[in-house]
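Encoded as structure tokens, the structure appears first; notes follow it.
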Amino acid sequence: MTYYGIYKITNLLNGKMYIGQHTTTNIDDGYMGSGKIIRLAIKKHGVENFRKEWLMFCEDEEELNYMERVYVD
């Protein structure tokens, strides 16, 4: 089964949040985003200082792209 999910990653040290999307067959695959800002923040502060929450799952990639825009706006 393929999951199309919108997630939020929160920096537990400063409260900053990152919204993103991920398509996977394993929702526990450890994915923590691929954007430059989130990767640098995790490298700086350590992954243990970030919490990932799934906000929603979509039916397909089209809905996923739309819903990511909705959450980011």
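The values are calculated or read from the model by the stated rules, or taken from the named source; none is laboratory data. Quick caveat, the model's predicted, so the values are computed rather than measured. In this analysis, Cβ positions are derived from the backbone assuming ideal geometry, glycine residues included, and neighbour counts consider all displayed protein chains. Only protein heavy atoms, including side chains, enter the accessible area calculation; ligands, DNA and RNA are left aside. Shrake-Rupley method; radii C 1.70, N 1.55, O 1.52, S 1.80 Å.
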Of these, 62, 53, which one is in contact with a Lys or Arg (Cβ under 6 Å, 6 or more places away or on another chain) and either loosely packed, with under 11 Cβ neighbours inside 10 Å or assigned to a helix (DSSP H, G or I) (or both)? 53
Can you tell which of 31, 4 is outside any loop (DSSP other than H, G, I, E, B), surrounded by 11 or more Cβ atoms within 10 Å (Cβ to Cβ) and among the aromatic types (Phe, Trp, Tyr)? 4
Which numbered condition residue 40 fails, given (1) of a type outside the set (D, E, K, R); (2) part of a helix (DSSP H, G or I); (3) touching an Asp or Glu at 6+ places or on another chain (Cβ under 7 Å): (3)
Checked the range 14-30 for anything under 10 Å from the mean Cα position of the chain (by Cα) and in contact (Cβ under 8 Å) with a residue 12 or more places away in the chain; matches are 18, 19, 20, 21, 22
Open to solvent by 60 Å² or more (accessible area, probe 1.4 Å), assigned to a helix (DSSP H, G or I) and acidic (Asp, Glu): is that true of residue 48 in this structure? yes
